Amino acid sequence: MNSSCNKMKTVSLVHKVAELANRTLVFDFEGTLLRSTSLFPYFMLVAFEAGGLLRSFILFLSYPLVWFVGEEHLGLKIMVFLSFFGIKKETFRTGSAVLPKFFLEDVGWEGLEAVMCCERKVASSKLPRIMVEGFLKEYLGVEAVVARDIKSFNGYFLGLFEKNNKANKTPSYEVKTGNDNSIGIIGSHIEYIDRELFPHFKKVCLMLSSDERRNWRVLPRERYPKPLIFHDGRLAFRPTPASSLAFFMWLPLALFLSIFRITFGVSLPFNVSGPILALSGTRTTASGPHDSLSLVQNGEKEKGMLYVCNHRTLLDPLYIAYVLDKPLSAVTYSLSRFNELIAPIRTVRLTRDREKDREAMEKLLNLGSLVVCPEGTTCREPYLLRFSPLFAELTDDIVPVAVDVNVSMFYGTTASGHKWLDPFFHYMNPNPTYIIKILDRLPQSRTCHEGGNSRIEVANFVQHEIGNVLGFACTSLTRKDKYMVLAGNEGVYQKSYHNCQ
């Protein structure tokens, strides 16, 4: 009897899902998907990433007033004004480059399952359109976003909402939601602002309370509607009022600690800098093969050893040299003059001219061991970008190195900010952690000259070896893809996605 009932329920559920798939869903973004009830963290991200430290501090000080008047109406206008006033409209990319990561981390598993049942979706949001439209269309496949725009003058945001009329709210609204083919998950925002757009639905699903939404499960990474590979911004934490308070209290010590670590921990010889960095709170874990001969230069060969690593921050070559306890050279694409000046190892700039770069790397190999990052740019998430195969032509003495970095407050990389500040932001973290795993030297059967493999085959093999050790997924995305997504330029690049085998 129970099995028959369960079977009937399953069949009924399948029919309901199939029925919903053919309808257009209109839903309130914040009330239907997000587990949290406060919008303050998202405006703090805009204020800090687009406006700077002073603007974010002013917004933080205004939070008691925002809380007192309520975030729904007047408080929302206060946060919009403080976050956007004076920001240049043309260069604003926080909504597409920074916020998607934090939206995905706040999305509830149950809410997403309810929304993704329908193939056609229209979202309504309290947040300004420029903050949510990119995420909703890119990650959730929403066809249109019903949200208010922010007034601008002479290319700069004024921090004020446009008037609530249909023309201003829905310039991209092209989805017809007729009475016979529309359902809605109704929230107070839709009822308050958009009643004239959606007067009635085929079916109405009432929203859950805020307490119930807080108990929703966190959406696991493997359930993301689209893989989150690229994101920008300096803040690595969600800036709630409590965490923002901790952030501003930590900041003075962080600035001092960062300068101290770089001055005495990076610029000094390795045997001195290591203990200083450890005593100041940084952590380094290293592991390598049991055969120590695989880590030293072959005495019969003229060239040095080539260490090939994935790229997490500008400090990767320094930590590899520290772990190996040997002098190394490094080649870079976009290292600033300041970073070159303070680097304790030899650094040489590449030109992205294949022949010139190959010649420069061969010269360095003739002088000693060399570190290369064939991804060409950093990637924060557990993914590996495509490895440029140039390194595979240089030598058969190749040692893959797997690198990972853990931070809690700041990211030490940027696509659109000041790159010379990357090491400072990395060392502003309370306990930045570097994980270095030296792998076995590449077998001769897997090299170009001795093994007869193509340079692309060698590069892909090294990428997969590093990916397997770190548990990262391999992609064919490149530096050009990253900068087009995060900065809207090629960075000085078809996408495909596949898992490491």
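The values are calculated or read from the model by the stated rules, or taken from the named source; none is laboratory data. Because the structure is a prediction, the values reported are computed rather than measured. Ideal geometry is used to build each Cβ from the backbone, glycine not excepted, and the neighbour counts take in all protein chains shown. Ligands, DNA and RNA are stripped out before the accessible areas are found, and what is left, the full protein with its side chains, is counted by its heavy atoms. Shrake-Rupley method; radii C 1.70, N 1.55, O 1.52, S 1.80 Å.
Numbers below:
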quantity	calculated
Per-residue HN-Hα couplings for region 118-128 [Karplus 6.51, -1.76, 1.60; θ = phi - 60°; Hz; x = Gly/Pro]	9, 6, 9, 9, 10, 10, 10, 9, 6, 5, x
Cα centroid of region 228-287 to Cα centroid of region 32-65, whole Å	23
J(HN,Hα) series, region 222-227, from Karplus relation 6.51 cos²θ - 1.76 cosθ + 1.60, nearest Hz, glycine and proline x	5, 9, 4, x, 8, x
Built amide H within the under 5 Å cut-off of residue 330, gap 5+	346, 347, 348, 371
Overall form of region 362-486 per C-alpha gyration tensor (a/c, 1.5; a/b vs b/c)	prolate
Area of residue 221 that stays accessible when all protein chains are in place (1.4 Å probe, Å², to 10)	90
Viscosity 0.890 mPa s, temperature 25 °C, Stokes-Einstein D of region 44-132 from Kirkwood C-alpha radius, µm²/s	168
Region 319-329 - phi-based ³J(HN,Hα) in whole Hz, Karplus 6.51/-1.76/1.60, Gly and Pro as x	5, 5, 5, 5, 5, 6, 6, 8, x, 10, 10
Residue-normalised accessible area of region 392-478, given per residue in Å² at a 1.4 Å probe	35
5 angstrom amide H check on residue 381, placed H, neighbours 5+ away	none
Accessible surface, 1.4 Å probe, highest first, among residues 362, 105	105, 362
Nonlocal amide H pairs with residue 156, under 5 Å, H built at 1.01 Å	89
Charge sum, other residues only, whose C-beta stays under 10 Å from residue 109's C-beta, Lys/Arg counted +1 and Asp/Glu -1	+1
Computed accessible area, residue 61, all protein chains, 1.4 angstrom probe, square angstrom	100
Whole-Å distance, taken between Cα centres, linking region 308-370 and region 413-471	13
Cβ-defined net charge surrounding residue 463, 10 Å radius [Lys, Arg +1; Asp, Glu -1]	-1
Positive minus negative residues near residue 447 (Lys, Arg vs Asp, Glu; Cβ under 12 Å)	-2
